[in-house]
Each structure stands twice: as structure tokens, then as C-alpha cells.
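So the structure is just underneath, and the comments pick up after that.
A short reminder: the numbers here are calculations on the coordinates, not readings from a lab. The shown structure was predicted, so the numbers you read here are calculated from the model rather than taken from an experiment. Every residue, glycine as well, gets a Cβ built from its backbone with ideal geometry; the counts of neighbours run over all protein chains shown.
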């Protein structure tokens with residue numbers, strides 16, 4: 001097991017001390033991304049990534065039923081939305097969260113790079129809902145045009161963002177009121193980031209690493225952590241990170 005970096009507080013900005021080699025949080029993220037990409041070609045190869053989702057997408061909601069089970073998180077998330085909100089979702093996947101929040105906002109659009117996931121999104125949306133189908137932008141967040149919404153929302157869609165600081169700043173620019181991010185904590189749903197440096201392995205949970213970068217960017221935010229039963233008798237943690245952009 002590698003050395004764990006200090007945890008971020010559940011409601012505050014946290015501490016970033018202990019990063020290896022004097023790294024900034026954004027550099028730690030980039031280094032972890034680069035080292036992971038050396039071991040797993042999905043991190044840089046869009047073809048390999050799409051091949052994974054082509055096999056995983058049809059059963060995604062059943063294999064990872066986070067949106068259906070995270071009731072405490074949803075309880076805190078919904079009051080942050082308003083009935084007329086335009087919501088822009090990053091990495092909507094099969095649309096499990098999209099469908100759950102749709103009745104609480106005005107309209108939703110989404111950025112989803114995977115064709116397999118877009119197909120699954122549309123299939124499940126048509127089965128479960130009536131009314132207008134959300135617009136899906138077929139690209140990564142980094143490649144998306146400059147969009148605007150009242151709320152930017154994303155769940156577990158950050159692992160292929162190499163320059164996460166730029167991605168977070170783009171979210172901040174795009175949201176006229178607030179940004180809401182959900183990130184699973186810990187394996188098997190979201191293994192920590194790992195950096196190998198000078199013979200030592202350092203690791204940081206992804207939710208805390210995102211909060212670290214937000215602190216580096218001087219974006220004041222909240223991080224709240226929930227225990228969620230992901231499968232019968234199996235519990236894991238999930239974080240909700242939110243901040244306002246209209247202060």
C-alpha cells in the first residue's frame with residue numbers, strides 16, 4: 001500500500017500538504033494520469049475506451065446503480081437545483097442521474113463522448129420518460145464548445161481529464177450559478193490516483209484530489225461524503241462537491 005496523502009475535510013477546503021516533490025495538486029493529477037496511461041491504454045486511446053463502453057453500456061445501470069441508491073446524496077443535491085434551471089451534464093453515460101433530476105429542472109443537455117453510452121442513454125430515456133429528449137454533444141468535455149447553463153453537473157466523469165485544472169475552470173465559466181460534481185470514493189468504483197516518484201508510491205482519493213485542485217484554483221467549495229449501499233451488503237463512499245459561480 002502506498003503512502004496516503006492527508007484527507008480533505010468533508011465540508012471545508014481541506015489541506016493539500018504532503019504532495020510529493022513539492023507538486024501542486026494539478027501537477028499531481030497530471031502525473032497520475034500520465035503514469036496510469038502507461039499501464040492502461042484506455043486513458044489515451046479513444047478506440048480502446050469506446051470498446052470498453054460498447055461491452056459495458058447495456059448493463060451499466062444494473063452493474064453500477066449509484067443514482068438509484070444514493071438517496072442521501074440526492075436529498076442534498078436536489079435543493080441546489082431550481083425548477084427553471086438549464087442543466088449541462090458532463091459525461092451523462094446511460095442517463096441514470098439525468099432521469100432522476102429531470103423533473104426538478106427546466107431542461108438538460110449533456111456532453112457524452114461514448115457512442116455506446118449515447119445509444120443507451122436514448123434507449124433508456126425513451127423507455128422511462130416522455131417529453132423532449134436532452135441534446136447530447138458527442139465529444140469530451142475538453143473538446144466541447146464553450147457552453148452556458150445555470151448548473152453544470154457531472155458524476156464520475158473526470159478520470160480521462162488529463163488537465164483537470166483547465167476542465168474545472170471551464171465548468172466554472174460555463175455555469176452561471178453553480179457546479180455540482182459527484183465522485184465515487186475508493187476501489188472498486190474509483191481507485192485512488194497513484195504517483196510513483198523517487199521509489200515511493202503516493203495515492204490520493206479522486207474526490208479529494210478534485211478538491212485539492214479547486215483549492216489551488218482558489219475556488220471555494222464544499223465536499224460532503226456519503227456512505228452508499230452499492231449492492232446488497234456492500235457499502236462505499238461517494239462525495240458531492242459543489243460551489244457557486246455567481247458570488
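Overview of results
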quantity	calculated
Average Cα contact separation per residue, the stretch 162-204, under 8 Å, 6 or more apart, as relative contact order %	18 percent
Stokes-Einstein D in µm²/s, Kirkwood radius over Cα pairs - the stretch 3-244 at 20 °C with 1.002 mPa s viscosity	117 µm²/s
Segment residue 194-residue 147, extension gain: residue separation times 0.36 nm, minus the distance between their alpha carbons	13.7 nm
Mean separation of Cα contacts under 8 Å, 6 or more apart, over the residue count of the chain: relative contact order %	25 percent
Ascending count of other beta-carbon atoms within 10 Å, so fewest first, for 122, 210, 81	122, 81, 210
Estimated inter-spin distance, residue 234 and residue 35, nm [label 7 Å along Cα→Cβ]	2.7 nm
Acute angle (nearest 10 degrees) that the helix 164-174 long axis makes with the longest principal axis of the chain, alpha-carbon atoms	40 degrees
Neighbour-count ranking [beta-carbon atoms within 10 angstrom, fewest first] of 244, 230	244, 230
Extension gain from residue 139 to residue 69, taking 0.36 nm per residue of separation minus the Cα-Cα distance	22.4 nm
Antiparallel bridges, percent of DSSP beta bridges restricted to the chain (to nearest 5)	55 percent
Shape of the stretch 78-125, Cα gyration tensor, a/c cut at 1.5	prolate
Length gained when the stretch residue 82-residue 227 is fully extended (0.36 nm per residue, less Cα-Cα span)	49.6 nm
With Cα atoms, 0 to 90° folded angle of helix 206-216 axis to the chain main axis	80 degrees
Residues 184, 92 arranged by fewest to most Cβ contacts within 10 Å	184, 92
Rounded tilt (10° steps) of 46-56 against the dominant C-alpha axis of the chain	60 degrees
